[in-house]
Amino acid sequence: MNFNILIAGVGGQGTLLASKIFGNYAQLIGKDCKVSEVHGMAQRGGSVVTYVRIADKVYSPLFDKKQADVVLAFEELEALRSAGYVKDGGIIVINKQNIYPMPCALGLAEYPSDIYEQLAEYKATVRKIDAISIATKLNNIRTVNIAMLGFCAAVLGLKKEVFVDAIKRSVGEATLEVNLKAFEGGFTIFSS
């Protein structure tokens, strides 16, 4: 398994934790992994992009456009912003959520209404999940990222039990149970 994964979200959505879990997954299956986070005003709700590379040997965490096997987007506009990274035949996994950037919130710009039409221009498979509903059922909105990971793992056909071990290595005991439930919720939605 060699993967280039671009995780795109908004500050506070847990992109860094998701990349950490991918890193632990890679170690558990005997692969090398490098991660790099790039963000602007993440603390103010700005865009956050995390590069994850998994291979036998990884020399750099970064990759160019059209080189991501997977774009994992925690929000719809972030999926559109990052779609240029997906390679032909790749996969874009999207959480069906809108987080209005500051220009939209101030009425200076409009949130695009045709995101999925624009994404259709890319030669990639688009998979959507309502991870918010999974997190809401668990009474913990902070588990959206883990529900997304579960869905993404199922889409990619990755080993569920290894991901569970990776989550156990990545989150604290206090939130472990709810995170495992969120992962199961995301994994199960795709599998059903």
Open item on the list: Please list, in order along the range 84-97, the HN-Hα scalar couplings obtained from phi with the Karplus expression 6.51 cos²θ - 1.76 cosθ + 1.60 (θ = phi - 60°), rounded to whole Hz, x for Gly and Pro.
Closed with: x, 7, 6, 7, 4, x, x, 10, 10, 9, 10, 7, 6, 9
Open item on the list: Distance between the C-alpha centers of the range 68-96 and the range 132-149? Whole Å please.
Closed with: 19
Open item on the list: If you average 1/r across every pair of different Cα atoms in the range 27-104 and take the reciprocal, what Kirkwood value do you get, in Å?
Closed with: 13.7
- [ ] Using a Gaussian network model of the chain whose springs link C-alpha atoms within less than 10 Å, name the residue from E177, E110, E37 with the highest mean-square fluctuation.
- [x] E110
Open item on the list: Run lengths n ≥ 4 of DSSP H only: what is the helix-derived mean residue ellipticity at 222 nm for the chain, with -39500 (n - 2.57) per run over all residues, to the nearest 500?
Closed with: -12000 deg cm²/dmol
Open item on the list: Over the chain, with a Gaussian network built from C-alpha contacts below 10 Å, which listed residue (L119, L72, L16) shows the highest mean-square fluctuation?
Closed with: L119
- [ ] For Kirkwood radius over Cα pairs in Å, several values are listed as [x] 16.5; [y] 17.5; [z] 25.6; flag the one computed from this structure.
- [x] [x]
TODO: Just list whichever of K57/K123; K31/K160; K123/K159 have alpha carbons separated by over 24 Å in the model shown.
DONE: K57/K123; K123/K159
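Computed from the coordinates by the stated procedures, all read-outs in this text should not be read as laboratory data. The model shown is predicted, which means the values in this text are computed figures rather than measured ones.
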